[in-house]
1. So, in region 41-56, of the ones that are small (Gly, Ala, Ser) and either out of contact with any Phe, Trp or Tyr (no Cβ under 9 Å at 6 or more places or on another chain) or in a loop (DSSP other than H, G, I, E, B) (or both), which residue ends up surrounded by the fewest Cβ atoms within 10 Å (Cβ to Cβ)?
2. May I ask you to verify whether Leu38 is on the phi < 0 side of the Ramachandran plot, under 19 Å from the mean Cα position of the chain (by Cα) and part of a helix (DSSP H, G or I)?
3. Just give me the residues in region 256-275 being modelled with pLDDT under 85 and among the hydroxyl-bearing types (Ser, Thr, Tyr), in sequence order.
4. Given the residues Gly59, Gly83, which is the only one that is without any contact (Cβ under 8 Å) to a residue 60 or more places away in the chain and either among the small types (Gly, Ala, Ser) or surrounded by 18 or more Cβ atoms within 10 Å (Cβ to Cβ) (or both)?
5. Would you call Val68 assigned to a helix (DSSP H, G or I), closer than 16 Å to Asp137 by Cα and β-branched (Val, Ile, Thr)?
6. Quick check on my filter: what residues within region 281-321 are among the β-branched types (Val, Ile, Thr) and closer than 26 Å to Glu265 by Cβ?
7. Specify which of the listed residues (Gln261, Gln267) is surrounded by fewer than 22 Cβ atoms within 10 Å (Cβ to Cβ) and either closer than 26 Å to Ala370 by Cα or touching a Cys at 6+ places or on another chain (Cβ under 6 Å) (or both).
Amino acid sequence: MKVAEVDRALQRRNFILNVFEGGTYISSNGFAAVQTVLPALVARLGGTNLEVGAVLVVGFSFQFLPQVFSARYVEASPWKKPGTLLFGLCQRCVMIIMGGMLFLLGGRYPSATLIALLALFALNQTFTGITSPFWIDFVAKLTPQHWRGRLIGIRTSLGGVGAFIAGLVLTGILGALSFPGNFALAFVLAGVLQSASLVIQSRVVESTPSDVRPRESFRSYLQSVIVIVRRKDFAPFLVSMALMILGSMAVPFFTVYAVRQLHVEEQMVGAYTTMMVVVQIASALLNGIVADRYGNKIALLIAGSGLTLASLIALMTTSPAWFLLVFLFLGINVGSEVMSRYNMAIDFAPERRRSTFVGLVNTLLAPLYAAGILGGVVSNAFGYSAVFVLSIVFSAAGVLVLWWTVDDPGHLLRQRAREVNA
């Protein structure tokens, strides 16, 4: 067999393993979704609107803030797999500990449990943030550029199938078991699925070392980061992503609004989660194909529009049944927004700086997830409708900035790759 054929066979094998690894990991969202399950749990433990808003802040800020600092080490590491597995294992362990802590303490000490839960969730997300630059560079290194969109789409779609099944199981668990055992079991099951994904990931073959960039002093590294931020083609992309993130302030309040204002039962939280992940099955796959063929810009426009429509419907309806449409459009956003952002940031980057570009985007944007706390302040002062209005304004502005001012840097490269491989 020729060397090129061996390389193609290995690429296909790694592609399949990455699909199943991602599908297994994403399935865990059916048990511990930050958009639905965690806000409902915080409210069940007696959390205020500010604490509900803090869920999104913790979920994304602690995940994204460490990434540009982790990327400095990723750039200088010829092998990306060891870091991916090591820090990924730490993250999985924390998830299972969260379930155990909730089971032991949640019923007797709800206030203390809420504080401990948010602290452990912050630690979980910190490990996720440290892992992400290793994982992103690992996957980008092993996946041809014109396959990346479909890889993300297929793995997210497969994960949507798993999360759909998990959502059905979650609905049964929430209805059949008493609190806090029902939520505790959900977290443990999420940790088990995530651990299974790590086992699959350990089978991916990283056959050659990466072309590394010598590790710079921290000061020199920061100076190079400032140069990247000032790039005329990259800055508008950052602005559009910032606006979309500000638009996400309403996300943790969708479920809480339904529980507190529409008086839905806990089982309905499972139904909302199921709706969200079902939509991911189709939208992630279709948006992955769109990204490979038409560029990540179009995929991001679709994802951002989904968030705008979700907030608009939340503002307009008072029916628990019609409120399912909120999670339908939220599923379009959740299914592809973050990964399309990752892929587009990679397209802007030279090969040796992929992890820094992605880490930089996430670290710079991380403080904006404090909009979740702003949403808590606004909801306390003016009600949930005001939060939904702000979400509509910011997310729609992000879509418009992306549409009018940002060129897709990877579209031409993908077109050339398809011609070479035709």
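The values are calculated or read from the model by the stated rules, or taken from the named source; none is laboratory data. The shown structure was predicted, so the numbers you read here are calculated from the model rather than taken from an experiment. So basically every Cβ, Gly included, is an ideal-geometry build from the backbone, and we count neighbours across all protein chains shown.
1. The first filter runs over region 41-56 and keeps only residues small (Gly, Ala, Ser), leaving 43, 46-47, 53-54.
Adding the requirement that they be either out of contact with any Phe, Trp or Tyr (no Cβ under 9 Å at 6 or more places or on another chain) or in a loop (DSSP other than H, G, I, E, B) (or both) leaves 43, 46-47, 54.
Working: Ala43: 21, Gly46: 11, Gly47: 23, Ala54: 24.
Looking at residues that are small (Gly, Ala, Ser) and either out of contact with any Phe, Trp or Tyr (no Cβ under 9 Å at 6 or more places or on another chain) or in a loop (DSSP other than H, G, I, E, B) (or both), I get Gly46.
2. Working: on the phi < 0 side of the Ramachandran plot: yes; under 19 Å from the mean Cα position of the chain (by Cα): yes; part of a helix (DSSP H, G or I): yes.
In short, yes.
3. Matches in region 256-275: Tyr272, Thr273, Thr274.
4. Values: Gly59 fails: without any contact (Cβ under 8 Å) to a residue 60 or more places away in the chain.
Just a single option satisfies the conditions, and that option is Gly83.
5. Values: assigned to a helix (DSSP H, G or I): yes; closer than 16 Å to Asp137 by Cα: yes; β-branched (Val, Ile, Thr): yes.
Yes, satisfied.
6. Step one: filter region 281-321 for residues among the β-branched types (Val, Ile, Thr), giving 281, 289-290, 298, 302, 308, 313, 317-318.
Answer for region 281-321, where residues must be among the β-branched types (Val, Ile, Thr) and closer than 26 Å to Glu265 by Cβ: Ile281, Ile313, Thr317, Thr318.
7. Values: Gln267 fails: either closer than 26 Å to Ala370 by Cα or touching a Cys at 6+ places or on another chain (Cβ under 6 Å) (or both).
Of Gln261, Gln267, the one residue that is surrounded by fewer than 22 Cβ atoms within 10 Å (Cβ to Cβ) and either closer than 26 Å to Ala370 by Cα or touching a Cys at 6+ places or on another chain (Cβ under 6 Å) (or both) is Gln261.
Yes or no, residue by residue, for (1) outside any loop (DSSP other than H, G, I, E, B); (2) modelled with pLDDT under 80; (3) of a type in the set (D, E, K, R):
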position	(1), (2), (3)
Ser210	no, no, no
Glu216	no, yes, yes
Leu246	yes, no, no
Val279	yes, no, no
Ile289	yes, no, no
